[in-house]
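K.L.:
Sharing a structure here in structure tokens format.
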Amino acid sequence: KTTKYRRLKLSRQVVARIKLPGTQDVGDLEQRAEGIAATSDAIWVAYGFPIRVARIDPATDRVTLSRALPGGGAWKYDVLLAASGQTLWAIARDGSRYARLDPSTGEVAAQGRLHDGWVEDAAVAGGYLWAPMQTDGGVWQIDPTGSVVGKIATGARPIAAVPAGGALWVPNANSGTVTRIDVNTGATKTFVTGHSPQGVGIAGKTMWVPLIENAS
């Protein structure tokens, strides 16, 4: 069984299949490619078991680096990647660990943990890592050293973190709201959407919020 990353054109045609090296044949679930993020000059993918990260050159579709995350199997098979510029983070979705990675080597530059739970999303904005957790009613702010700055309250079940325009936008699925966090000051402003917002899409000065009824 082979773990692959696929690059698609906007036409939805698959234009490249890239084999990700270093995986073990321990079952389909553990071998899947999971988190994906883009630094300024590379695509990064978290995959396999024990969890590995691969660096892909988008100009050539070649894997230029692949290495296991430290701690071996302690990283569960649900791992998010978040990036901005030359900043890259990996975060386990069970809240047990996160790490800032050196984008040239993949080595750990800083690390820490949150708590048992479910990390809904991760984003890098304003130099910080932001992680909304399902039952915490807010977003955790983590500085470049791996230290937790604190939690910014948003609403019930914050399910995404979308950076745009110097802010972080957080849809709160069980509150029927979207919260804007100023990434420099931590100030918040909340907008009522009704129903259950499931995400945020921003184009220019327009925001799109998909809604469903009766959040679970």
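K.L.:
How would the stretch 164-216 be classified by its alpha-carbon gyration tensor: rounded, prolate or oblate, with rounded meaning a/c under 1.5 and the a/b versus b/c comparison settling the rest? Present the calculation step by step, with values, prior to reporting the outcome.
P.N.:
On the way: a/c = 2.81, a/b = 1.56, b/c = 1.80.
Verdict is oblate for the stretch 164-216.
K.L.:
Going from most exposed to least, what order do Val108, Val149 have by accessible area with a 1.4 Å probe?
P.N.:
Details: Val108 50, Val149 85 Å².
The ordering from most to least exposed comes out as Val149, Val108.
K.L.:
In addition: Among (1) -0.36, -0.89, -1.02, -1.50; (2) -0.37, -0.88, -1.00, -1.37; (3) -0.54, -1.04, -1.13, -1.34, find the value of log10 I(q)/I(0) by the Debye sum over Cα atoms at q = 0.09, 0.14, 0.15, 0.19 Å⁻¹ that was calculated from the structure presented, and write down its label.
P.N.:
Checked against the structure: label (2).
K.L.:
A further question on this structure: With every protein chain left in place, what is the accessible area per residue of the chain in square angstrom, probe 1.4 Å?
P.N.:
Accessible surface, normalised per residue, equals 49 Å².
K.L.:
Which residues' amide hydrogens lie under 5 Å from the amide hydrogen of Asp94, considering only partners 5 or more residues apart or on another chain, with H built in the peptide plane?
P.N.:
When sequence neighbours closer than 5 places are left aside, the close amide H contacts are Val119.
K.L.:
Per DSSP helix of 4 or more residues, -39500 (n - 2.57); summed, then divided by the residues of the chain. What does that give at 222 nm, rounded to the nearest 500?
P.N.:
Numbers: 1 runs with 4 residues, N = 216.
Helices in the chain give a 222 nm mean residue ellipticity of -500 deg cm²/dmol.
K.L.:
Enumerate the amide H contacts of Gly71 below 5 Å, restricted to partners 5 or more residues apart or on another chain; note that Pro and chain-start residues carry no placed amide H.
P.N.:
Those qualifying (amide H under 5 Å, at least 5 residues apart or on another chain) number zero.
K.L.:
Set the Förster distance to 22 Å, then compute FRET efficiency between Ala38 and Ser104 from the Cβ-Cβ distance, nearest 0.05.
P.N.:
Numbers: r = 15 Å, r/R0 = 0.70.
After rounding, the FRET efficiency stands at 0.90.
K.L.:
Quick one: 3J(HN,Hα) in Hz for the stretch 131-142, Karplus 6.51/-1.76/1.60 with θ = phi - 60°, rounded, Gly and Pro as x.
P.N.:
9, x, 10, 3, 9, 9, x, x, 10, 7, 10, 10
K.L.:
Show the residues, 5+ positions off or on another chain, whose built amide H is closer than 5 Å to the amide H of Val149.
P.N.:
Gln141, Ile142, Asp143
K.L.:
Quantify, in whole percent, the carbon and sulfur part of the accessible surface of the chain (1.4 Å probe; protein heavy atoms only).
P.N.:
Details: 5090 of 10570 Å².
Within the chain, the accessible surface is 48 percent carbon and sulfur.
K.L.:
Here's another thing I want to ask about it. Using each residue's phi in the stretch 181-186, evaluate 6.51 cos²θ - 1.76 cosθ + 1.60 at θ = phi - 60° and report the 3J(HN,Hα) Karplus result to the nearest Hz, with x for Gly and Pro.
P.N.:
Once θ is set to phi - 60°, the couplings for the stretch 181-186 become 10, 6, 6, 8, 10, x Hz.
K.L.:
Classify the stretch 141-183 as rounded, prolate or oblate from the Cα gyration tensor: take a ≥ b ≥ c as the square roots of its eigenvalues, call it rounded if a/c is under 1.5, otherwise prolate when a/b beats b/c and oblate if not.
P.N.:
Numbers: a/c = 2.62, a/b = 1.54, b/c = 1.70.
In terms of gyration-tensor shape, oblate.
K.L.:
Follow-up question, since we're still on this one. Would you kindly derive the ³J(HN,Hα) couplings of the stretch 79-88 from the backbone phi angles with the Karplus curve 6.51 cos²θ - 1.76 cosθ + 1.60 (θ = phi - 60°), listing them in order in whole Hz, with x for Gly and Pro?
P.N.:
10, 9, 10, 9, 8, 7, x, 10, 9, 9
K.L.:
Let me ask something else. So how exposed is Glu107, as accessible area in Å² (1.4 Å probe, rounded to 10)?
P.N.:
Accessible area of Glu107: about 100 Å².
K.L.:
Another question, if that's okay. Computed from the mean reciprocal separation of all distinct C-alpha pairs, what Kirkwood hydrodynamic radius does the stretch 62-114 have, in Å?
P.N.:
On the way: mean 1/r = 0.0869 Å⁻¹.
Result for the stretch 62-114 stands at 11.5 Å.
K.L.:
Moving on. For the stretch 119-216, rounded, prolate or oblate, judged on the Cα gyration tensor with a ≥ b ≥ c (square roots of eigenvalues), a/c < 1.5 rounded, else prolate if a/b > b/c? Please list the in-between numbers first.
P.N.:
Working: a/c = 2.06, a/b = 1.39, b/c = 1.48.
Verdict is oblate for the stretch 119-216.
The values are calculated or read from the model by the stated rules, or taken from the named source; none is laboratory data. Computed from a predicted structure; not experimentally measured. Because the Cβ atoms are built from the backbone with ideal geometry, glycine has one as well, and the counts that use them run over all protein chains shown. Side chains are part of the model used for accessible areas, which takes the heavy atoms of the whole protein and leaves out ligands, DNA and RNA. Shrake-Rupley method; radii C 1.70, N 1.55, O 1.52, S 1.80 Å.
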